[in-house]
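Following: one structure in structure tokens, then a few remarks.
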Amino acid sequence: MGCPHFIRHPRPVKSIRRKAPILLPSPTAQSPDPLRQLPNPAPDPDHVRDSIIACELCPRLRDYCTRIGETRRRAYQDHAYWARPVPGFGDLRACALILGLAPGAHGANRTGRPFTGDGSGDFMYPVLHDLGFASKPRAISRDDGLRLRDAWIGSVVRCAPPGDKPTPQEIRNCAVHLAAEINALPRVRVVVCLGKIAWDGFLAHLLLGGVIARRSDYRFAHAAEYTLPSGLHLLGSYHPSLRNTNTGRLDRAMFAHVFVRARELAGVR
Ligand code: SF4
């Protein structure tokens, strides 16, 4: 238990779907009061973090991350790779949760912090900085002093997968960490899923918690937007991978549009 958005509904409430893009903020009357007292204390964030880092549930991914950390890319031969599962990071009072797929083999698997030290982060953090979510436009290492404000960044899988393709079972294994992190973030009002795998992983979490009845009611698209029965807002974005940003499938304006909307929905000023 923890976040009010993830408490099971005794009776399913019909979801409200809005076609994206929507430029005007929706009324916040149906959003739960983010300050309301929760029945149980949220989990200890340090315990959640330690549990993620120590996890060995997926042998294939653990082997891969370790091997990548031993062989290293030529440009990073003198780096000590993190090579452990990567916990989320950010502001524990976050209103916005940003969910990626998994650590990059030579990005977060090297630096130990999501979207840090790779091309995806180089694309994302300047946008987050412009909008006030990040204190700096560049993420280089986990001790570079970068801070997030009103935002938390996590992923549906915490170990770098070969070819950026985790198996369905590995995604299911890692769902326990996603749930734990979400429960430690009781103020979240908006979730931005970067890519379809993150979207599907988050929907699986909602389905398991009884927050939604069917995944098929929520279709992934860039700038897709839904308001869940609990009042939580769900936004989709193409993943800021080099595959998408180098081909023009995702450009800065498209990406910023989603985060401007996230700010509006989260009520961040
Ligand atoms: S992917 Fe998740 S569940 Fe699997 S070993 Fe890594 S942290 Fe554990």
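Readers should treat all values here as calculations from the given coordinates under stated rules, not as data from a laboratory. These numbers come from a predicted model, not from an experiment. Cβ: placed from backbone, ideal geometry, glycine included. Neighbour counts: every protein chain shown.
Structure values in brief
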quantity	calculated
Ascending count of other beta-carbon atoms within 10 Å, so fewest first, for His47, His177, His205	His47, His205, His177
Neighbourhood charge, 15 Å Cβ-Cβ cut-off, centred on His177 and excluding it, Lys, Arg +1 and Asp, Glu -1	-1
Footprinting exposure proxy for Ile171, Ile140, Ile98 (fewest neighbouring C-beta atoms within 10 Å first)	Ile140, Ile171, Ile98
Using a Förster distance of 22 Å, the FRET efficiency for His47-Asp144 (Cβ separation, nearest 0.05)	0.30
Simple label model, 7 Å out from Cα along Cβ direction - Arg243 to Ala256, nm	2.7 nm
Segment 127-259: radius of gyration and largest Cα-Cα distance (Dmax), Å	15.1, 42
Square roots of 5 times each gyration tensor eigenvalue, C-alpha, segment 45-266, largest first, Å	25, 20, 17
Stretchable slack from Arg172 to Asp217, in nm (0.36 nm times residue separation minus alpha-carbon distance)	14.1 nm
Phi-based couplings in Hz for segment 79-87 (Karplus 6.51, -1.76, 1.60; Gly and Pro marked x)	8, 8, 5, 4, 6, 10, x, 9, x
